[in-house]
Amino acid sequence: MAEIDLKALSHNLGVVKKKTGNTNVIAVVKADAYGHGAISVAKHLIQKGVSTLGVAFTSEAILLREAGITCPILVFFDRNSTVELFNYKLTPVVFDINRARELSREAYKQNTVIPVHLKVDTGMGRVGLTLNNALQEIVKISSMKNLRIEGLMSHFSEADIQDKDFAHQQVASFLGLVKSLKKAQIHFKHLHIANSAAVLTMPEAHCNMVRPGIMLYGYAFPGVKGLKPALSLKSRIVLMKKVAKGTPISYGRTFITNRRSSIATVPIGYADGYNRHLSNKGEVLINGHRAPVAGRVCMDTIMVDITNIPSVSYESEVVLIGRQGREKITADDIADKTGTIPYEVLTSIGQRVSRIYTK
Ligand SMILES: Cc1ncc(COP(=O)(O)O)c(C=O)c1O
């Protein structure tokens, strides 16, 4: 079970607002709101003042629309789902002049105008109009009558590191382009480049809209302070047993008890996003103590060594991410152990894990 603390989400949104002086927020809720459940998270954040949502794919935006969400939704990486963009009144991010032409043609056919945000690549190397041609191309795109250009955006590649040289270059390129476009009488209602790291550390990048994702969920970069992780991952024990010294545990017998031991089986595995690299490395919290993962993580289960933990029962809560008593395990801790980032830890939590929301 993943327990999502809506108050933590509100707190983290409060940090965004405080840092940016209450500017417009696009809440990034792609990948099922980084594993937190996009519909519930989006509804909560909208209620707390978010104006716009951001998702990666049109299919994600459709789920939000079908859940009754009516605010503008930016679709970051669409290319093919033209009809759906119109049917569901979505706002595609356009990063290629040919795509702008396609959308304009479709809008003309439908006798309508489609809102778009244009994206320029200032150094991420992923999607965006190339900086060299951006000015000329945006001039051309802005003459397409069936497009309504509502925003210009870009994306940082390393605003989360201490050395901000490259990030500053990206801001300078972005604002330089905005200036040149202004001279050409092209103005944008919204300008946005700031992800979470830039919201937190680069006020010069806030423009008049920001696009935080990970910080809404309580994480950002190593050492960040003031955010509250919103998600706890919890389970219960399905079996406890006492085993003799020398008993192998789990696939491949990589763990062999070196004493008479108590072993608990917990029904969560790599298919639920509990990374297999946590085999013999992970820890869970039970009765306020740390219990090490014994042996390999299986698809649906892990075994943990509870020999040293007093009074464990089938009622004892098992915390895989979150707090218990004085102990805590964060997505950062798991990321460190598995060689990844908290984004991946959170977005890997599988669909079998039910999400519940607490206030
Ligand atoms: C286009 C875009 N904007 C904003 C974000 C949010 O970034 P972060 O989660 O680092 O705040 C992402 C996430 O990767 C993104 O792809």
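The values are calculated or read from the model by the stated rules, or taken from the named source; none is laboratory data. Since the structure is predicted, the reported quantities are computational estimates derived from the model, not experimental observations. FYI the Cβ positions are ideal-geometry reconstructions off the backbone, even for glycines, and counts take in every protein chain you see. Side chains included, ligands, DNA and RNA excluded: accessible areas come from the protein's heavy atoms. Shrake-Rupley method; radii C 1.70, N 1.55, O 1.52, S 1.80 Å.
The lysines whose alpha-carbon is closer than 20 Å to the alpha-carbon of Lys119, local same-chain residues fewer than 8 away aside, are Lys30, Lys89, Lys140, Lys145, Lys179, Lys182, Lys183, Lys189. Only protein heavy atoms count here; on that basis, with a 1.4 Å probe, Val50 has an accessible area of about 10 Å².
Restricting to Cα pairs below 8 Å that are 6+ residues apart, what does the relative contact order work out to for segment 231-358? Please round to a whole percent. Before the final figure, lay out the partial values.
Details: 293 pairs, mean separation 34.6, N = 128.
Here the relative contact order equals 27 percent.
Mind checking the per residue accessible area of segment 2-217 for me, 1.4 Å probe, whole number of Å²? Each residue of segment 2-217 exposes 42 Å² on average to a 1.4 Å probe.
From largest to smallest, what semi-axes in whole angstrom does segment 248-359 give when each is the square root of 5 times an eigenvalue of its alpha carbon gyration tensor? Numbers along the way, then the final one.
Numbers: eigenvalues 92, 62, 34 Å².
Whole-Å semi-axes of the equivalent ellipsoid: 21, 18, 13.
Once divided by 2.2 N^0.38 Å, the Cα radius of gyration of segment 2-217 becomes 0.99.
Per residue of the chain, what 222 nm ellipticity follows from adding -39500 (n - 2.57) for every DSSP H run with n ≥ 4, rounded to the nearest 500? Display every interim value, and only then the final one.
Numbers: 11 runs with 109 residues, N = 359.
Helices in the chain give a 222 nm mean residue ellipticity of -9000 deg cm²/dmol.
In the assembled protein chains, Thr338 presents an accessible area of approximately 20 Å² (probe radius 1.4 Å). Segment 220-239 and segment 294-326 have Cα centres separated by 15 Å. Normalised by the number of residues in segment 2-217, the mean separation of alpha-carbon contacts (under 8 Å, six or more apart) gives a relative contact order of 20 percent. Backbone geometry of segment 276-289 corresponds, through the Karplus equation with coefficients 6.51, -1.76 and 1.60 at θ = phi - 60°, to 3J(HN,Hα) couplings of 5, 5, 7, 3, 6, 10, x, 9, 10, 9, 9, 6, x, 10 Hz, x marking Gly and Pro.
Shown for the chain: the carbon plus sulfur share of the solvent-accessible area, taken with all protein chains present and a 1.4 angstrom probe, equals 51%. Across segment 163-300, the relative contact order, built from alpha-carbon pairs under 8 Å that are at least six residues apart, equals 14 percent.
Applying a 10 Å radius around every beta-carbon, put 250-259, 144-153 in order of their mean neighbour count, most first.
Top of the packing list down: 144-153, 250-259.
Shape descriptor for segment 1-88: Rg over Rh equals 0.98 (Cα atoms; Rh from the Kirkwood inverse mean 1/r). Compared with the dominant Cα axis of the chain, that is its longest principal axis, helix 6-20 is turned about 40°.
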